[in-house]
1. Exactly one condition in (1) out of contact with any Lys or Arg (no Cβ under 9 Å at 6 or more places or on another chain); (2) at positive phi is not met by residue 117; state its number.
2. Does at least one position in segment 243-252 carry a residue that is out of contact with any helix residue (DSSP H, G or I) (no Cβ under 7 Å at 6 or more places or on another chain) and under 22 Å from residue 80 (Cβ atoms)?
3. Quickly run through segment 164-181 and pick out the residues that are surrounded by fewer than 15 Cβ atoms within 10 Å (Cβ to Cβ) and not small (Gly, Ala, Ser).
4. Kindly provide the set of residues from segment 234-263 that are hydroxyl-bearing (Ser, Thr, Tyr) and either without any contact (Cβ under 8 Å) to a residue 40 or more places away in the chain or buried (at least 20 other Cβ atoms within 10 Å of the Cβ) (or both), ordered by number.
5. Which one of 139, 124 is crowded, with 16+ Cβ neighbours inside 10 Å and out of contact with any strand residue (DSSP E or B) (no Cβ under 8 Å at 6 or more places or on another chain)?
6. Within segment 202-250, which residues are of a type in the set (S, T, N, Q), within 24 Å of residue 285 (Cα to Cα) and not in a helix (DSSP H, G or I)?
7. Regarding residue 145, is this residue modelled with pLDDT of 95 or more and not acidic (Asp, Glu)?
8. Tally up the residues in segment 109-148 that are assigned to a helix (DSSP H, G or I) and more than 27 Å from residue 220 (Cα to Cα), please.
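The values are calculated or read from the model by the stated rules, or taken from the named source; none is laboratory data. All values reported here derive from a predicted model rather than from experimental measurement. Methodologically, a virtual Cβ is constructed for each residue, glycine included, from the backbone with ideal geometry; neighbour enumeration extends over all protein chains shown.
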Amino acid sequence: MNTFYKPLSDRVPDTQYQDRVKHILAHGEMIKETPQGVGALTCFGTLAPMVFDPRNGIPMLTERSMETFWRKPIGEIFGMINGETTIDGLESYGCKGFWSPYRGKGTVLGLAPDDLGPGSYGAAFHDFPVPRPWWKFWAPKTLNQFEQLLDQIRQYPSLRTHLVTPWIPFYTACGPNRKVQIAPCHGWVHVRVINGRLHLLMSQRSGDFPLGVPNNMLQYAALHLAICQMTGFKPGNYIHYIADVHIYENQIEKMKELAERKPRPFPILRLDPSVTNLFDFRTEHFNIEEYDPCPAMKIPYSP
């Protein structure tokens, strides 16, 4: 499964991320009122999907270095699919610092200081609430969506309905029933098997393009390869679509600088072939090789 990559000399530098940075800078509309209190250049529905062929490498930014923290987003996604709904729980998977700014903020929603809520990613992915009539009291109360996804791919690979959602409407909507600190931004997963190759499309409702999106690109590309390893299919394309994409005002100058840098070939991501259960993956089961990025760049964060 780790042998599908082209050699470094044949991998072509990918400009898709940088092209979309330029699009947002040129065509984004400035919205002054945002939940973060910082204005944002915004595009809604106009950004073309990024389509990555994993044979050309893993979509890990080369316009700026992610070398010191690339394991964090991978740890985060596997914490989420394992059902973690607390900050400490996610940090135990190796994504320390990502969720620290939100510690205690959920108390206004009636949540414990460490709790991200029953509408968070971990709850939706691993314990999606299943409605049931009273007379079926023995039926399961929750659904592990990724477990079901794997079972369905193995049994009926040709189906067009291999889907996962991070959205639990009665917890993630605004109003008195809201029980989630951060409404899920990513994680609408659609898998399609065509001629022996497994393609994964991840739709994202909202994305901080300078900071959040690069992490999301990497973590779902890693999840894609892990699903391929679990099901035995060759990796097809990883497709990343974002509906509402933004660059905050305090990030614009850095993005202008990034837009002028020259992308380099993507690195490759190695997965430990001994892992046979999707939910057993941890950060130590992944390794990046042949990564030669431009220098690191400190970009302001707007929580």
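1. Every condition holds for residue 117 apart from (1).
2. Looking through segment 243-252, at least one residue is out of contact with any helix residue (DSSP H, G or I) (no Cβ under 7 Å at 6 or more places or on another chain) and under 22 Å from residue 80 (Cβ atoms).
3. Across segment 164-181, the qualifying residues are 169, 170, 174, 176, 177.
4. If the condition is that a residue be hydroxyl-bearing (Ser, Thr, Tyr) and either without any contact (Cβ under 8 Å) to a residue 40 or more places away in the chain or buried (at least 20 other Cβ atoms within 10 Å of the Cβ) (or both), then 238, 248 are the ones that fit.
5. Testing whether each residue is crowded, with 16+ Cβ neighbours inside 10 Å and out of contact with any strand residue (DSSP E or B) (no Cβ under 8 Å at 6 or more places or on another chain) leaves just 124.
6. Matches in segment 202-250: 237 only.
7. The answer is yes for residue 145.
8. 4
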